[in-house]
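Have a look at the structure below before the remarks.
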Amino acid sequence: MQCFNCWETGHRKHRCKNDRKCRVCKQTGYAPGSSECKHYVDPTNSGDVIAFQGKSYPLYNFYPCHLNVFGEKHKTMEEHAYQMTKAIRAGDLEAAKKVIEAGTALDAKRIGHTVKDPQGWHKEKETVMEEIVSAKVEQIPKVKAKLENSNSSTIFAEGTFDMQWGTGLDVDATLHTDHKMWP
């Protein structure tokens, strides 16, 4: 568990007794994305960064949609496809069934976290996600339109504290921090 106030581990923000700290520059007294941070940028002058979070945004991993990928029709969201693939490759068919039946993407992710990573998963997981996202682009018109209406220098960034798939910052901090300095 990690605190989103001081960024230390072992406690949560609501129980934090430490001063607020910027995750980017490591200085105390302000949050990431603050104009006080030396890595602050004005998003109107910093180029094309589109930060997204939330299931209402088509590029978000929890965006409600139906996908056909890896020979399976997934009733909701790419998170289901990803976690099911992980479970199957780990040989955990019971978890794969639970992922398929999961009512939400968060439920699917939580089930997936109980599955031990299959051998070689650290090398394969980005390719798996790339295939799922490619299927989403081809099958979901809103996603395809979003990408087609951007330019080649646009950076699409999931503004979440997830260090694997996101910027490690919330949307506001993502937009107000030099992209070269995202955690």
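Quick notes on this structure:
- Label-point separation, Glu138 to Lys180 (7 Å along Cα→Cβ), nm: 3.7
- Between the listed residues Leu67, Gly120, Ala145, the Cα displaced farthest toward the positive end of the dipole of the chain, a dipole computed from Cβ unit charges relative to the Cα centre, is found at Gly120.
- Phi angles of the stretch 147-154 translate, via the Karplus equation with coefficients 6.51, -1.76, 1.60 and θ = phi - 60°, into HN-Hα couplings of 6, 5, 8, 10, 9, 5, 9, 5 Hz per residue; Gly and Pro are given as x.
- Karplus-derived 3J(HN,Hα) values for the stretch 168-183, using 6.51 cos²θ - 1.76 cosθ + 1.60 with θ = phi - 60°, are x, 10, 6, 4, 4, 5, 4, 5, 9, 10, 3, 4, 6, 10, 4, x Hz; glycine and proline are entered as x.
- Environment charge of Val24, counting only residues whose C-beta is closer than 15 Å and scoring Lys/Arg +1, Asp/Glu -1: +2
- 26 Å Cα-Cα threshold exceeded, pairs from Lys73/Lys125; Lys21/Lys180; Lys13/Lys38; Lys38/Lys146; Lys86/Lys136; Lys97/Lys125: Lys38/Lys146
- Under a Gaussian network description of the chain, with springs only between Cα atoms under 10 Å, the residue in Thr160, Thr44, Thr104 that fluctuates furthest is Thr44.
- Among [x] 134; [y] 148; [z] 123, the entry that matches volume of the Cα convex hull per residue in Å³ as calculated here: [x]
- Among His176, His39, His14, sorting on how many other beta-carbon atoms sit within 10 Å of each Cβ, with the fewest leading, yields His14, His39, His176.
- Each of Thr9 and Phe70 was given a label point 7 Å from its Cα along the Cα-to-Cβ line. The distance between the two points is 2.7 nm.
- Residue-by-residue Karplus 3J(HN,Hα) for the stretch 22-30, coefficients 6.51, -1.76, 1.60, Hz, glycine and proline x: 7, 5, 7, 9, 6, 8, 8, x, 7
- Exposed loop sites were defined as trypsin sites (Lys or Arg not before Pro) in DSSP loop states (anything but H, G, I, E or B) carrying at most 10 other C-beta atoms within 10 Å; in the chain the longest segment without such a site runs 39-183.
- Relative contact order %, the chain, counting alpha carbon pairs below 8 Å whose residues are six or more apart: 22
- Fully extending the segment from Leu93 to Arg110 would add 4.6 nm, taking 0.36 nm per residue of separation and subtracting the current Cα-Cα distance.
- The H on the amide N of Val41, modeled in the peptide plane, is under 5 Å from the matching H of Thr177, Asp178, each at least 5 residues off or on a different chain.
- Net charge over other residues, Cβ less than 10 angstrom from the Cβ of Asp117 (K, R count +1; D, E count -1): +3
- Taking a ≥ b ≥ c as the square roots of the Cα gyration tensor eigenvalues, the stretch 68-139 comes out oblate, since a/c reaches at least 1.5 and a/b does not exceed b/c.
- Beta bridges by DSSP in the chain, antiparallel share as percent, to the nearest 5: 60
- Cross-link reach is defined here as a Cα-Cα straight distance under 16 Å, omitting same-chain residues fewer than 8 places apart; for Lys55 the aspartates and glutamates meeting it are Glu78, Glu79, Asp107, Glu158, Asp162, Asp170.
- If the segment from Ser35 to Glu124 were pulled out straight at 0.36 nm per residue, it would be longer than the present Cα-Cα gap by 28.2 nm.
- Amide H to amide H, with H built 1.01 Å from N, Ile155 comes under 5 Å of Asp48, Val49, Ile50, counting only residues 5 or more places away or on other chains.
- Annotation for Gln164 and Ser150: the two label points, set 7 Å from Cα along the Cα-Cβ direction, are 2.1 nm apart.
- If only the Cβ of Lys and Arg carry +1 and only the Cβ of Asp and Glu carry -1, the dipole of the stretch 68-139 around its Cα centre is close to 200 debye.
- Cβ crowding within 10 Å, taken as a proxy for footprinting-reagent exposure, orders Glu126, Glu79 from fewest neighbours to most as Glu126, Glu79.
- Of the residues Cys16, Ser56, Phe161, the one whose Cα sits farthest toward the positive end of the charge dipole of the chain, with +1 on the Cβ of Lys and Arg and -1 on the Cβ of Asp and Glu, is Cys16.
Since every read-out is calculated from the coordinates, none of them should be taken as a lab result. Note that the structure is a prediction, hence the values are computed from the model and not measured. Glycine also receives a Cβ, built like all others from the backbone with ideal geometry; neighbour counts cover every protein chain displayed.
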